[in-house]
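Worksheet: one structure, shown below.
The values are calculated or read from the model by the stated rules, or taken from the named source; none is laboratory data. Quick caveat, the model's predicted, so the values are computed rather than measured. Here the Cβ positions follow ideal geometry from the backbone for every residue, glycine too, while neighbour counts run over all protein chains shown.
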Amino acid sequence: MDLSANFWGNKYKSNKIGWDLGAISPPLKAYFDQLENKELKILIPGGGNSYEAEYLFKNGFKNVSVVDISKEPLDNLKKRVPKFPSSQLINANFFDINFTFDLIIEQTFFCAIDPILRVKYALKMNDLLNENGKLVGLLFDAKLNEDHPPFGGNKQEYLSYFKPYFKITKMESCYNSYHNRKGMELFVMLHKK
């Protein structure tokens, strides 16, 4: 299965980005709107066009980093938000980064990686979080594709990956999903153990 930088770059170049909402995801906007500490060091992995990073940055969160294996979406974010620090737009494989963060946001990255990497994802998320750090975001709660992204799953499966490394504060059906994702998402809040 080819999920390389070229694979993703070609998706952006040909505008075959059906996962891209073109705006911040409503559940994440609601979560961000209640955050008070603007000094949080935040990572959005596999961030794509990252409307979430744009929203956070424009609302005073200046310690937001986006990592993506593909350069195209990082360039797109920089065009939309010219003042976004280039040093916080990281063109790399998520599994190769080694900074630490207070908060990591999950938004269509987990469903884009090969499912055989899910245990490695949970471990890496734990490693990248500071003490008391949180992983917050959305996971698909639906059977999706088996041979190409997005890859689906369910709560029981996800718990098996995350329970060894995280206290599960919240993993429940999302009540405020974007209209075409209603009934298909779990909102998750996981605290580093």
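The set of residues in region 151-189 that are surrounded by fewer than 15 Cβ atoms within 10 Å (Cβ to Cβ), over 30 Å from E131 (Cα atoms) and not small (G, A, S) comprises H179, N180, K182. Determine if region 110-123 includes at least one residue that is touching a Cys at 6+ places or on another chain (Cβ under 9 Å) and modelled with pLDDT under 95. So far as region 110-123 goes, no, none of its residues is touching a Cys at 6+ places or on another chain (Cβ under 9 Å) and modelled with pLDDT under 95.
Scanning region 7-30 for residues that are buried (at least 19 other Cβ atoms within 10 Å of the Cβ) and either at pLDDT 95 or above or part of a helix (DSSP H, G or I) (or both) turns up W8, K11, Y12, P27, L28. Remark: pairs (first residue in region 106-126, within 21 Å of S25 (Cα to Cα); second residue in a helix (DSSP H, G or I) and modelled with pLDDT of 90 or more; Cβ separation under 7 Å; 6+ apart in sequence or on different chains) = Q107/L28; Q107/E52; F110/Y121; I113/Y121. Screening I168, I104 for residues that are under 19 Å from G48 (Cα atoms) and at pLDDT 95 or above leaves exactly one candidate, I104.
Could you check region 82-94 and list, in sequence order, the residues that are over 11 Å from the mean Cα position of the chain (by Cα) and surrounded by 17 or more Cβ atoms within 10 Å (Cβ to Cβ)? Please lay out each step first, then the result.
Taking region 82-94 and keeping what is over 11 Å from the mean Cα position of the chain (by Cα), we get 82-93.
Hits for region 82-94 are F84, Q88, L89, I90.
Can you confirm whether region 44-53 contains a residue that is modelled with pLDDT of 95 or more, closer than 18 Å to G137 by Cβ, not in a helix (DSSP H, G or I) and not aliphatic (A, V, I, L, M)? Reasoning before the result, please.
Taking region 44-53 first, the residues modelled with pLDDT of 95 or more are 44-45, 52-53.
Applying the additional criterion that residues be closer than 18 Å to G137 by Cβ yields 44-45, 52-53.
So of that shortlist, the ones also not in a helix (DSSP H, G or I) come out as 44-45.
Still in the list and also not aliphatic (A, V, I, L, M): 45.
For region 44-53, residues modelled with pLDDT of 95 or more, closer than 18 Å to G137 by Cβ, not in a helix (DSSP H, G or I) and not aliphatic (A, V, I, L, M): present.
For region 72-86, the set of residues classified as farther than 16 Å from A112 by Cβ and in a helix (DSSP H, G or I) consists of D75, N76, L77, K78, K79, R80, S86, listed by residue number.
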